[in-house]
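The values are calculated or read from the model by the stated rules, or taken from the named source; none is laboratory data. As the structure is a computational prediction, the values presented were derived from the model and not from experiment. Here the Cβ positions follow ideal geometry from the backbone for every residue, glycine too, while neighbour counts run over all protein chains shown.
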Amino acid sequence: MNYALFAEQFLNGIQLGMVLFLLAAGLTLIFGIMDLVNLAHGSLYMLGAYYAATFTEMTGSFVLGLVIAVPVMILSGIVLEIVAIRTLYRRDHLDHVLATFGLILFFRELVRIFWGSAGRSIPLPDYLSGAVALPLGIDYPVYRLLIIVLGLAVALGLYLLVQRTRIGMLIRAGASNREMAGALGVNIPLLYTLIFGIGAGLAGFSGMIIAPLTAANIGMGDTVLIQALVVIVIGGIGSIRGAFVSSLLIGLIDTLGRSFLDDLMALFLPVNAAEAAGPALSSMLIYILMAAILFFRPQGLFPPKGAKA
Amino acid sequence: MSATITLARIVAALVLALCGVMPYLAPAVGEPFLIGLFARSMIWGIAALSLNLILGYGGMVSFGHAVYLGVASYTIGIFAFHGVTDAWIQWPVALGISAFVAFIFGAISLRTRGVYFIMITLALSQMFYYLARSAEMYGSDDGLTISRRSDLGISWLNLNNRVTLYYVIFVCLLLSLFILWRIVNSRFGMVIRGIKSNETRMEGIGIATYRYKLAAFVIAGTMCGLAGILEANFEKFVSPDTLNWPRSGEMIFMIVLGGMGSLFGPVIGAVVYWLLQDVLSDITEYWQIIFGPLLILIVLFARGGIVGVLNGKRRDA
Amino acid sequence: MPNALLTIDNLRKTFGALIATDGVSLGVETGEIHAIIGPNGAGKTTLIHQLAGMMGSDSGRVIFEGHDISALAAPARVRRGLVRSFQITSILKDFTALDNVALAIQAEQGHSFRFWGNAYADRNLRDPALALLEEVGLGARAHVRAGVLAHGEQRQLEIAMALATRPKMLLLDEPMAGMGAEESARMTAYLASLKGRITMLLIEHDMDAVFALADRITVLVYGRAIATGTPDVIRADAEVRRAYLGDA
């Protein structure tokens, strides 16, 4: 096994983990506090990518595009919450799943109408397109490194927001005791709208930063939504810490599995059999992992305190 | 369970009658495409019926039901690819694989409750989506074209005959309806519905619920496999998209549209779903922009679906 | 306890820092009605959950008819004859009263892997179910949906379902909860009529009912059994009066 290649794939795994974390954090926050299952989270991710594409085209700068796209994304989330999501809080999970599935169909067509069926690629500025020499003789793309840094920064920001600020206190109060938070005079509807806005912003932001690598396209939300669901199921639904740990786990296992599983299997299988089975098995790896973890811990690795069975 | 005549039952009878005469009615009214549309509706009707056993009657929100249809379709396709077209080999194996996958997935996911269950059934079903995509021998992303239909070995049951195939599908639908009707009203069915109503209470009267839920899961998966067999023979094609999760969502859509937990609801839902899609896509290329909000409106304002609306305020009964 | 049907041995359950049951030990003899009283939060409902197998125990054993059933799941305990009722009425609200009881009878008759026959026309289920409803005084309401029954009727149905499983012993979690005085008295009379036939562990706040029904009473305070004895003994016990009945 080539050492430099392994290091590169390892970093790629962390980078995927960061993108998944941004998505899963919003998903798990929204579920943990509002008890809402939001399948349309992947659509917000897609929407973010298209926003980034459009605003980058308009301003001619990717960075400037992001600066505009993020607030627009949060605003979109807030509008969505007020128009459609709000009525769902008192419904059961099946209703959540159905209605947000309806939103997926809606957003998919909306994007086709506004942006067409072809994808939109986003060119990176020169200073983000090259590779950077890391210690130990590893060359790694600057932009992917930036994604990792941004992901860590957002994780830190979320941690500070939840642990140190008044809003965070409200979030924690809401998560642990809805009635008490209401009795303390917390404006619950406003809090919920705000949290959905933050969640939408995070999902959109992850779509924005991935778009230069994959181009904005219509199916992009479908796959990543499932991966994010796997992340929060493994991490323990409602736990941001769990989402962080299992995002990294899933990102690494998925990436390294795709790169090295056939090599690994070739150690004890005929080469052609390993090459045939490797890709199939590696694409199923995270689901097998999820099944295995749930078999022993049906509540995930970090079930939030007070979670019901 | 009284045999009273309700509006919903009249409509159900009407829909079934339409299914029964479509091969003759459609050419007569100059819309031959309706034969295909109804055949597809019936296939998806069987799938939706099977899902309704666990979702509508059992309260298990399985969001990966398309996988059981998909693996059966792939089984038929892979058999045909290797030159085996004998239905008496193909079909039992396909049903067996669907049942087996349902058993494994059920055994894992039924250990969990609520939202975990939804997400796990969703995620597990994606395993086979990725497996199909990476199976280069069987077409990976492009899917697998099925060159020859199943051979039942009976001269008057040649599935290459459009009308014969149509009526095989029709009979399978009637059979599925009958089986489901018996199951739902049996002792087993009572337990399944009791679990939906109050699982803790069921344990309190001494019923180990897990094994009943698992049995229902396997029955539903097997019946959905039948839909997959028919789908493979009807489309002569199967692709990873057949078992991708949005298809499971569409299946639930059909159930909710027709009426969850009612016997005929899913069939009515499937027929209306495909008709509506056909009508809407004539009006606009972007028909899903109407479909999506429609689903939300049904969820918010008409939880009983078409059957519920037809029965008026009797939907609780 | 030589004649004990149910022996509770040092049962303990904590939720984090909260101690719900703290080494409860007691024996219930065949045929007796054994009441457990205590202030709110004394751990009474937790104890029922532990005995019924719906909540795991941190330590301790539950012995029923001489067998250690501590490791059995709830349904298995029911099939051995140890059956509970619920404090918050737990019935199948979408089913008729008759179907509720019929289902419990079905559960008692063995496995339900019967996929074909029509359970709604099965006289082996319907007839005994109707008879039982008559017995608890719900005969006229058999075909009413359980969810729309009055509160007192739902409590009666709750008991009927428990009885339908042919219990050797009933764990009754506040059967009179939310009942008016008249309904309470009727339920008390009905439970009294079962006395001797079915052993009962009764949790109840209605002291009139407790002292009318119980052969022995155990007082539970902060998860500990502080006293056990006949109603007269308990009434006179100084510690009980201090801890629970409110005397200074």
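Summary table below
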| read-out | value |
| --- | --- |
| Residue under evaluation B:Ile219, criteria (1) away from chain C (no Cβ under 12 Å); (2) within 26 Å of B:Arg149 (Cα to Cα), criterion not met | (1) |
| Residue match in region C:53-74 (condition: more than 11 Å from every other protein chain (Cβ to nearest Cβ) and basic (Lys, Arg)) | yes |
| Residues located in region B:1-20, provided they are surrounded by fewer than 12 Cβ atoms within 10 Å (Cβ to Cβ) and farther than 15 Å from B:Ala270 by Cβ | B:Met1, B:Ser2, B:Ala3, B:Thr4, B:Ile5, B:Ile10, B:Ala17 |
| Boolean, C:Ala42 is small (Gly, Ala, Ser), within 22 Å of C:Val83 (Cβ to Cβ), crowded, with 23+ Cβ neighbours inside 10 Å and touching a residue at least 40 places away in the same chain (Cβ under 8 Å) | no |
| Residue within region C:112-125 that is away from chain B (no Cβ under 13 Å), touching a Gly at 6+ places or on another chain (Cβ under 9 Å) and modelled with pLDDT under 95 present | no |
| Matching option when the condition is touching a strand residue (DSSP E or B) at 6+ places or on another chain (Cβ under 8 Å), among the aliphatic types (A, V, I, L, M) and either more than 14 Å from chain B (Cβ to nearest Cβ) or in contact (Cβ under 8 Å) with a residue 24 or more places away in the chain (or both), among A:Ala131, A:Ala118, A:Ala69 | A:Ala131 |
| Criterion: surrounded by fewer than 20 Cβ atoms within 10 Å (Cβ to Cβ), at pLDDT below 90 and closer than 28 Å to C:Gln109 by Cα - qualifying residue of C:Gly137, C:Gly246, C:Gly178 | C:Gly137 |
| Condition met for B:Phe188 (buried (at least 20 other Cβ atoms within 10 Å of the Cβ), within 20 Å of B:Leu53 (Cα to Cα) and facing another protein chain (nearest Cβ under 8 Å)) | yes |
| Pair list, Cβ under 7 Å, 6 or more apart: region B:118-145 residue on the phi > 0 side of the Ramachandran plot, other residue of a type in the set (Gly, Ala, Ser) and buried (at least 18 other Cβ atoms within 10 Å of the Cβ) | B:Ser140/B:Ser134; B:Gly143/B:Ser239 |
| Odd one out for B:Ala132, checked against (1) crowded, with 19+ Cβ neighbours inside 10 Å; (2) within 14 Å of another protein chain (Cβ to nearest Cβ); (3) closer than 30 Å to A:Pro303 by Cβ | (3) |
| Single match in A:Val63, A:Val70 (criterion: out of contact with any helix residue (DSSP H, G or I) (no Cβ under 8 Å at 6 or more places or on another chain) and of a type outside the set (Asp, Glu)) | A:Val63 |
| Test: residue in region B:55-65 that is touching a residue at least 12 places away in the same chain (Cβ under 8 Å), in contact with a Phe, Trp or Tyr (Cβ under 8 Å, 6 or more places away or on another chain) and surrounded by fewer than 19 Cβ atoms within 10 Å (Cβ to Cβ) | no |
| Filter result for C:Val101 (under 19 Å from C:Arg197 (Cβ atoms), at pLDDT below 95 and either out of contact with any helix residue (DSSP H, G or I) (no Cβ under 7 Å at 6 or more places or on another chain) or of a type in the set (Val, Ile, Thr) (or both)) | no |
| Single condition A:Ala99 does not satisfy, out of (1) surrounded by 24 or more Cβ atoms within 10 Å (Cβ to Cβ); (2) within 19 Å of the chain's Cα centre (by Cα); (3) part of a helix (DSSP H, G or I) | (2) |
| Top-ranked residue in region C:89-104 [being free of Cβ contacts under 8 Å to residues at least 60 places away in the same chain and under 28 Å from C:Asp206 (Cα atoms); ranked as surrounded by the most Cβ atoms within 10 Å (Cβ to Cβ)] | C:Leu92 |
| Residue count, region A:116-142 (criterion: among the hydrophobic types (A, V, I, L, M, F, W, C) and either under 21 Å from A:Val63 (Cβ atoms) or in a loop (DSSP other than H, G, I, E, B) (or both)) | 7 |
| Residue satisfying condition, being among the aliphatic types (A, V, I, L, M), touching a Pro at 6+ places or on another chain (Cβ under 6 Å) and touching a residue at least 40 places away in the same chain (Cβ under 8 Å), within set A:Leu136, A:Leu124 | A:Leu124 |
| Wholly enclosed helices (runs of 4 or more DSSP H) of region B:100-204 bearing at least 1 residues of a type in the set (Ser, Thr, Tyr) and more than 30 Å from C:Leu163 (Cα to Cα) | B:114-134, B:162-185 |
| Unique residue being surrounded by fewer than 20 Cβ atoms within 10 Å (Cβ to Cβ) and over 21 Å from the mean Cα position of the chain (by Cα) when the list is B:Ile104, B:Ile108 | B:Ile108 |
| Among the residues listed as B:Leu165, B:Leu159, B:Leu122, B:Leu174, the single one being farther than 30 Å from C:Ala76 by Cβ, away from every other protein chain (no Cβ under 14 Å), in contact with a helix residue (DSSP H, G or I) (Cβ under 6 Å, 6 or more places away or on another chain) and not hydroxyl-bearing (Ser, Thr, Tyr) | B:Leu159 |
| Set B:Tyr74, B:Tyr68: member being within 14 Å of chain A (Cβ to nearest Cβ), in contact with a helix residue (DSSP H, G or I) (Cβ under 7 Å, 6 or more places away or on another chain) and buried (at least 23 other Cβ atoms within 10 Å of the Cβ) | B:Tyr74 |
| Residues (within 9 Å of chain B (Cβ to nearest Cβ) and outside any loop (DSSP other than H, G, I, E, B)) located in region C:81-91 | C:Val83, C:Arg84 |
| Among residues of region A:82-104, those that are farther than 19 Å from B:Ile118 by Cα and at the interface with chain B (Cβ under 7 Å from one of its Cβ atoms), counted | 2 |
| Positions within region C:28-58 being part of a strand (DSSP E or B) and within 21 Å of C:Ala76 (Cα to Cα), in sequence order | C:Val28 |
| Single unsatisfied condition, B:Ile298 versus (1) within 14 Å of chain C (Cβ to nearest Cβ); (2) farther than 24 Å from B:Ser176 by Cα | (1) |
| Residue check, B:Ile146 touching a strand residue (DSSP E or B) at 6+ places or on another chain (Cβ under 7 Å) and more than 9 Å from chain A (Cβ to nearest Cβ) | yes |
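One line per residue, one yes/no per condition, for (1) within 17 Å of B:Met119 (Cβ to Cβ); (2) away from every other protein chain (no Cβ under 11 Å); (3) surrounded by fewer than 17 Cβ atoms within 10 Å (Cβ to Cβ); (4) out of contact with any Leu (no Cβ under 7 Å at 6 or more places or on another chain):
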{"site": "A:Ala215", "(1), (2), (3), (4)": "no, yes, yes, yes"}
{"site": "A:Val230", "(1), (2), (3), (4)": "yes, no, no, yes"}
{"site": "A:Gly238", "(1), (2), (3), (4)": "yes, no, no, yes"}
{"site": "A:Leu248", "(1), (2), (3), (4)": "no, yes, no, yes"}
{"site": "A:Leu269", "(1), (2), (3), (4)": "no, yes, yes, yes"}
{"site": "A:Phe296", "(1), (2), (3), (4)": "no, no, yes, yes"}
{"site": "A:Pro303", "(1), (2), (3), (4)": "yes, no, no, yes"}
